[in-house]
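The values are calculated or read from the model by the stated rules, or taken from the named source; none is laboratory data. Bear in mind that the values here come from a model prediction, so they are computed numbers and not experimental data. Cβ: placed from backbone, ideal geometry, glycine included. Neighbour counts: every protein chain shown.
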Amino acid sequence: MTAHADGTVALVGCGRMARALVRGLIAAGHPPQRLTGVSRTGRGARALAEEYGIRTAGTVAAAVRDASVVVLAVHPHETADALAELAGATTPRHLLLSLVASWRTEAIAARLPDVPVVRAVPNVAVAERNGVTVLGDTPDGTALAAARGLFDGLGQVLVLDEDLLEAVSALSGAGPALVAGFAEALAAAGRAQGIPAVTADLLAARAVCGTGALLAGGATPAAVIDSVASPGGMTEAALRRLDEGALPESVRQAVDAAVRLSYGRLVTA
Ligand SMILES: NC(=O)c1ccc[n+]([C@@H]2O[C@H](COP(=O)([O-])OP(=O)(O)OC[C@H]3O[C@@H](n4cnc5c(N)ncnc54)[C@H](OP(=O)(O)O)[C@@H]3O)[C@@H](O)[C@H]2O)c1
């Protein structure tokens, strides 16, 4: 057991990503009393306490006092303030797990000297223990193992060079929203064909879930396409239209826009 593996976690920031994490951790058997939330107005922390039974703290210092792992889950523009509060409250016995986009590990470490820092990019599917979390590689093997320990029960965990994390945030962090956008478009197309709304929504959602299961089982996207699209058939006609409508190029541009935004506000020191 590492020094950070006693399961006490402080969540600094209790919004969308923290909610998904709390839900997944509790579903994985993490005791809610070992999770303490703190948020700027207190609203987010109170909501998580009411819904999941976690503890709340009135200040960042009180939240981290008895925690071994501190999860930083605030927006990039809120991060400098949150780090200023953490600077007086964290010690080398803490592990700081930053979920914040656009803040390089060294920029966070510069504000929290001697505190081990690992950067993580989870996605909201950790709520269903079906997510993927990418950890930024670090020579600190103890910190990396502790970070992995927190996310292991919530889906797949990968370790990649930090230089890839802005692109990973766009592809994987934002991925569920992009895929859900496609599901919405598929359902709308079904409604336009006269399928009742509830049924069209269900069929589109099941198409996404089923495809996800096939891909998770090891099928490549090309193999899934091949298993559906017979030559000259309906699927082939639909796919041709998607290509003409430039779906791949639209998706490439969408990811590129997110990456450019992230680099535009990158904090490196
Ligand atoms: N959403 C995702 O799918 C996702 C995926 C990967 C990474 N991330 C990263 O996770 C971070 C948070 O995103 P989000 O979508 O969860 O944001 P969000 O829903 O807007 O939540 C932000 C939270 O931060 C709190 N906060 C702001 N300043 C604070 C401070 N100084 N001290 C304590 N709490 C403070 C807010 O408090 P109140 O509740 O009191 O207003 C709120 O609870 C971002 O950096 C994002 O890049 C998000």
Go through the range 186-240 and report how many residues are β-branched (Val, Ile, Thr) and either without any contact (Cβ under 8 Å) to a residue 12 or more places away in the chain or over 28 Å from Arg129 (Cα atoms) (or both).
6
Selection count, the range 212-244, where residues are small (Gly, Ala, Ser) and under 27 Å from the mean Cα position of the chain (by Cα):
7
How do the helices (runs of 4 or more DSSP H) wholly within the range 169-269 filter down when requiring 2 or more residues that are closer than 30 Å to Thr105 by Cα and out of contact with any Phe, Trp or Tyr (no Cβ under 7 Å at 6 or more places or on another chain): which remain?
175-192, 247-264
Scope the range 21-80; condition in a loop (DSSP other than H, G, I, E, B) and closer than 20 Å to Trp103 by Cα; matching residues:
Ser39, Arg40, Ala73, Val74, His75
Is it the case that Thr56 is more than 21 Å from Ala20 (Cβ to Cβ), touching a helix residue (DSSP H, G or I) at 6+ places or on another chain (Cβ under 7 Å) and of a type in the set (S, T, N, Q)?
no
Residues of the range 82-126 being within 10 Å of the ligand (Cβ to nearest atom), outside any strand (DSSP E or B) and either hydrophobic (A, V, I, L, M, F, W, C) or at pLDDT below 95 (or both), in sequence order, are Ala82, Leu83, Ala84, Leu86, Leu99, Val100, Ala101, Ser102, Val124, Ala125, Val126
Whether any residue in the range 159-175 is closer than 26 Å to Ala258 by Cα, out of contact with any Asp or Glu (no Cβ under 7 Å at 6 or more places or on another chain), free of Cβ contacts under 8 Å to residues at least 24 places away in the same chain and loosely packed, with under 14 Cβ neighbours inside 10 Å is what I want to check.
yes
Can you tell me which of Arg40, Arg34, Arg55 is within 13 Å of the ligand (Cβ to nearest atom), at pLDDT 95 or above and not small (Gly, Ala, Ser)?
Arg40
So which residues in the range 53-88 are surrounded by fewer than 18 Cβ atoms within 10 Å (Cβ to Cβ) and within 20 Å of Pro122 (Cα to Cα)?
His75, Pro76, His77, Glu78
